[in-house]
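The values are calculated or read from the model by the stated rules, or taken from the named source; none is laboratory data. Please read these numbers as outputs of a predicted model, since none were measured by experiment. Don't worry about glycine lacking a Cβ; one is built from the backbone with ideal geometry, like all the others, and counts go over all protein chains shown. Heavy atoms of the whole protein, side chains included, go into the accessibility calculation; ligands, DNA and RNA do not. Shrake-Rupley method; radii C 1.70, N 1.55, O 1.52, S 1.80 Å.
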Amino acid sequence: VAALLAEYARADRLIVATSVDGVYSADPEIDSGAVKFDKMTAKDLVRLAMETEMKAGSRSPVDPLAAKIIERSSIFTVVVHGADPKNLKRGAEGGHSGTEISGTEMF
């Protein structure tokens with residue numbers, strides 16, 4: 001819903017607050033070899049979301065539909081850990097430790 005609203009409002013940035021500090025190659029609580037991405041493209045996010053099994057408790061930061069909306073709209077997106085509200089501000093202003101997702105192929 002947030003991605004759709006951001007697209008509708010023609011937002012220039014979408015901040016996704018999750019239970020992890022960014023987008024990982026796998027669930028970091030299950031896979032000790034999971035790699036955190038500092039930056040990725042929306043196309044990569046779609047691929048990763050499509051590979052993730054979506055069920056209750058899933059560790060994917062966004063579902064496949066949200067990933068497709070982010071890709072379609074080229075909305076610059078930041079995924080941050082939502083436990084600390086300061087991360088939302090950092091996601092908006094910079095200086096965060098999350099994952100930046102560019103709607104285009106290049107940053």
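Among the residues of segment 72-88, what is the count of those that are in contact (Cβ under 8 Å) with a residue 60 or more places away in the chain and farther than 23 Å from VAL46 by Cα?
2
Hey, can you tell me all the residues within segment 64-88 that are assigned to a loop (DSSP other than H, G, I, E, B), of a type in the set (A, V, I, L, M) and open to solvent by 40 Å² or more (accessible area, probe 1.4 Å)?
Selection gives ALA83 alone.
Is it fair to say ARG10 is out of contact with any Pro (no Cβ under 6 Å at 6 or more places or on another chain), assigned to a helix (DSSP H, G or I) and open to solvent by 90 Å² or more (accessible area, probe 1.4 Å)?
No.
Condition first: loosely packed, with under 14 Cβ neighbours inside 10 Å and touching a strand residue (DSSP E or B) at 6+ places or on another chain (Cβ under 8 Å). Now tell me which residues in segment 13-30 satisfy that.
Of everything in segment 13-30, those that are loosely packed, with under 14 Cβ neighbours inside 10 Å and touching a strand residue (DSSP E or B) at 6+ places or on another chain (Cβ under 8 Å) turn out to be ARG13, SER19, SER25.
With respect to LYS43, determine if the residue is surrounded by 14 or more Cβ atoms within 10 Å (Cβ to Cβ), in contact with an Asp or Glu (Cβ under 9 Å, 6 or more places away or on another chain), among the basic types (Lys, Arg) and at pLDDT 85 or above.
The answer is yes for LYS43.
Scan segment 89-102 for residues that are outside any helix (DSSP H, G or I), at negative phi and surrounded by fewer than 17 Cβ atoms within 10 Å (Cβ to Cβ) and jot them down.
SER97
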